[in-house]
Amino acid sequence: MKHDHALRGAPGLGAAWGFALTISLVVGLAVASPGCGGGGSSGGGGVASTAAGIGSGLSVLTTSPADGDADVDPGLNLQVMFDADIDAATLQPGAVTLLSDLGPVAVTLSLATPRVVEVAPVAPLEPQRAHVLSVTTGVGGQQGERLGRDHIVRFTTGLRRVAVPGRSPSSSGGQGAYTAGAASVDITPPAGVPLAGYGGGVRRRSFPDLNPLNDYTFLNPATGAHDPLHAKAVIISNGSTSVAVLTLDAIATDAAVVEEVHRKAAARGVTVPLENLMVAASHTHSGPGCMSKRMFWQLTAADMFVDRVFQQATDKMADALVRAHQSMAPAVVGFGREQVTNATRNRRHRDSPALQPDSIDPELAVLRVDRTDGTPVATVWNFAIHGTHMGMNMEFSADIMGSASNKAEAQGGGGVVLFLNGCEGDIAPTGSYDGTGQVLCDALLRARAGAVTSSGGFLGSADEWVDFGQATIDWSVQRQGQSGPAMNNGFLSALNTIGVGIGISLGVPQGWIETRFRFQAIRIGRGVLASLPGEPIHTLGLSLKHDGRGLGFDHVMIAGLANGHGAYFTSEQEYWYGGYEALASFFGPDNGARLTAAARRQMTRLRP
């Protein structure tokens with residue numbers, strides 16, 4: 001992993017060690033890994049610390065945590081990934097050791113996958129202490145390979161994590177006159193930061209870049225920007241409650257981003273509580289890489305985490321909230337909707353006998369926010385569409401969704417135009433960047449024009465943390481479908497580096513992806529916005545909209561890719577039909593049922 005930050009505040013050994021970063025040779029992972037877009041390739045490289053023993057037959061490809069990591073969760077297990085299958089008989093006491101500045105730490109060793117050794121502390125690590133993980137030459141491969149030298153990883157633990165997902169569901173709300181503010185901030189990274197969304201083809205480097213001054217390792221750097229990326233915020237209050245929606249031109253988001261942005265915004269005076277903040281990604285496949293701390297996404301969906309990229313991006317995201325907060329003034333709010341049938345198609349119809357190319361969610365819904373004199377403040381539009389039009393390009397882009405928002409803002413009738421993706425898991429874009437962008441622009445402005453606004457009413461938010469349990473990769477042969485082979489040639493090739501292949505089913509190692517998610521609903525008058533943490537297929541969205549209207553809401557907006565990322569979610573039927581989206585669903589056949597039930601609970605608690 002490339003880090004530009006020193007380990008600060010660690011007592012004892014930390015100061016003596018200095019925690020200098022080691023520039024290390026890395027092997028492997030120069031593979032084509034495909035993207036969440038299904039038809040292409042996505043993802044980035046792994047978290048690489050020192051690759052020991054190049055030429056000796058066995059090397060460490062990556063560790064979690066990586067060398068130089070700070071603020072490591074004391075409750076997580078550690079992982080070491082090798083470039084060959086490990087002989088379990090070599091995992092004897094002392095083969096991998098852990099030391100803190102308080103002394104030796106007792107650990108147990110096991111194989112999470114044939115190539116990943118899990119190092120489990122017998123007790124949670126002490127917080128805010130310096131640690132050294134040593135992978136010794138005692139670890140051997142199944143063919144007798146050995147490390148050429150010990151592999152050392154230095155890291156510092158942070159504070160113990162508060163078990164917020166176990167807290168009781170929260171809700172707040174009340175009546176009052178609306179005030180609102182909105183803002184947009186350019187978050188386009190400089191050329192040199194890799195793009196997240198496709199990890200093969202021209203985006204994949206033939207050999208890792210080892211210069212710690214660069215922001216890329218396994219992916220080639222972006223060459224520039226086709227169009228700008230933005231973070232956009234709208235805040236609405238009615239005196240008793242305040243809520244905020246923050247949208248990001250990015251492949252996805254997770255709880256770490258949400259919490260960091262809120263922390264920075266709150267420090268600058270934003271008073272919206274964390275539980276009332278909804279953060280959603282557009283799912284452009286031409287957004288910034290280096291943003292995820294989760295091993296799975298670093299291996300298959302983005303390049304290595306780089307702290308300076310993360311900090312600069314979250315600073316600007318917080319700026320959007322701060323500027324929106326500073327612009328608060330009396331407002332009127334309302335909802336509208338249009339039908340759009342010529343911008344998307346279903347991409348699962350080859351895998352599923354229940355679907356056709358025109359099996360889509362055609363509803364484009366909007367939230368309209370104006371000043372009391374009619375001046376536009378913001379337009380939040382919600383539509384299910386994959387951000388894959390730009391394909392395997394090397395420039396940052398907000399994709400077709402950004403094209404539509406930019407056109408609407410240029411026409412001057414929508415204020416700040418924010419895009420909330422819907423249940424786009426199986427929905428692909430059609431047409432051209434400008435052509436489809438204009439179709440969507442025209443539709444969202446029509447929907448806005450038809451919205452009936454009110455100067456006051458109910459405003460509320462409800463949220464609940466839900467633990468989905470063990471994530472599992474199930475590559476059963478019977479679930480390959482028609483799109484599985486294309487996925488296997490890319491996405492699965494990256495997973496092959498950790499010993500995962502067709503026919504394999506295994507639990508995803510602890511901490512590699514999020515498994516606990518914050519579900520949220522925001523009620524504004526008789527409309528509701530409900531969040532989902534990932535990429536549900538469109539039928540799940542249609543079901544939730546039906547349920548929301550049955551609860552008494554006149555307008556239901558479903559925000560996918562919001563507040564966290566759990567990959568794809570499907571119905572049980574589609575899970576067993578298999579194919580790309582089903583293979584990338586990690587929480588079992590009932591994943592979609594659990595997802596919709598959690599969202600439905602939040603809407604129920606706010607029902608009119």
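Would you please put 355-361, 369-375, 287-293, 261-267 in order of how densely packed they are, using the mean number of other Cβ atoms within 10 angstrom per residue and starting with the highest?
Per-residue mean Cβ counts within 10 Å order the peptides as 287-293, 261-267, 355-361, 369-375.
Taking the Cα centre as origin and putting +1 on Lys and Arg beta-carbons and -1 on Asp and Glu beta-carbons, what dipole magnitude results for segment 147-265, to the nearest 20 debye?
400
Can you pull the semi-axes for segment 514-584, root of five times each eigenvalue of the Cα gyration tensor, sorted largest first, whole Å?
Those come to 24, 15, 7 Å.
Where in segment 506-524 is the amide nitrogen less than 12 Å from a point lying 7 Å along the Cα-to-Cβ axis of D467?
Within reach of a label on D467: 515-517.
Which whole-number percent gives the relative contact order of the chain, counting Cα pairs below 8 Å spaced six or more residues apart?
Answer for the chain is 16 percent.
Taking the alpha carbon gyration tensor of segment 227-322, what are the square roots of 5 times its eigenvalues, largest first, to the nearest whole Å?
The equivalent ellipsoid of segment 227-322 has semi-axes of 25, 13, 12 Å.
In what sequence, highest mean first, do 541-552, 225-236 appear when ranked by Cβ atoms within 10 angstrom?
Result, highest mean Cβ count within 10 Å first: 225-236, 541-552.
About its Cα centre, what dipole magnitude does the chain give when the only charges are +1 on Lys and Arg Cβ and -1 on Asp and Glu Cβ, stated in debye to the nearest 20?
Computed charge dipole of the chain: roughly 920 debye.
Grab the beta carbon distance between Q312 and R160, set R0 = 25 Å, and tell me the FRET efficiency rounded to 0.05.
Plugging the Cβ-Cβ distance into 1/(1 + (r/R0)^6) gives 0.35.
Based on alpha-carbon positions alone, could you give the equivalent ellipsoid semi-axes of the chain from the gyration tensor, as √(5λ), descending, whole Å?
They are 41, 26, 22 Å, listed largest first.
Going toward the positive end of the dipole of the chain, with +1 on Lys and Arg Cβ and -1 on Asp and Glu Cβ, which of I427, A530, H349 do you reach last?
Of the options given, the answer is A530.
Between V122 and A449, what is the FRET efficiency for a Förster distance of 60 Å, r being their Cβ-Cβ separation, to the nearest 0.05?
Rounded to the nearest 0.05, the efficiency is 0.40.
Answer with one residue from L125, M278, F296: the one whose Cα lies farthest towards the positive end of the charge dipole of the chain, charges on Cβ with Lys, Arg +1 and Asp, Glu -1.
Of the candidates, M278 comes out farthest on the positive side.
Considering only T188, Y216, N238, whose Cα is most displaced toward the positive end of the charge dipole of the chain, charges sitting on Cβ of Lys, Arg (+1) and Asp, Glu (-1)?
N238
222 nm [θ] for the chain, helices only, -39500 (n - 2.57) per DSSP H run of 4+, per residue, to 500?
After summing the helix terms and dividing by residue count, I get -6000 deg cm²/dmol.
Over segment 541-608, calculate the relative contact order: mean separation of alpha carbon pairs under 8 Å at least 6 apart, over the residue count, as a percent.
Value for segment 541-608: 36 percent.
When the scattering of segment 406-480 is computed by the Debye formula from its Cα atoms alone, each counted once and equally, what is log10 I(q)/I(0) at q = 0.23, 0.24, 0.26 Å⁻¹?
-1.21, -1.26, -1.35
Principal axis lengths of segment 355-461 from Cα atoms, whole Å, largest first?
44, 31, 24
Sort the following peptides by mean Cβ neighbour count (other Cβ atoms within 10 Å, averaged over residues), highest first: 250-259, 115-124.
250-259, 115-124
Quick check: at a probe of 1.4 Å, how many percent of the accessible area of the chain sits on carbon and sulfur atoms?
52
Under the definition of Cα pairs under 8 Å and six or more residues apart, what whole-number percent is the relative contact order of segment 304-386?
It comes to 26 percent, rounded to a whole number.
Checking the a/c ratio against 1.5 first, then a/b against b/c, what shape does the Cα gyration tensor give for segment 293-358?
oblate
With every protein chain left in place, what is the accessible area per residue of the chain in square angstrom, probe 1.4 Å?
Ligands and nucleic acids excluded, the figure is 33 Å² per residue.
The values are calculated or read from the model by the stated rules, or taken from the named source; none is laboratory data. All of these numbers come straight from a predicted model, not from anything done at the bench. Positions of Cβ are backbone-derived with ideal geometry, glycine not excepted, and every protein chain shown enters the neighbour counts. For accessibility, only protein heavy atoms count, side chains too; no ligands or nucleic acids. Shrake-Rupley method; radii C 1.70, N 1.55, O 1.52, S 1.80 Å.
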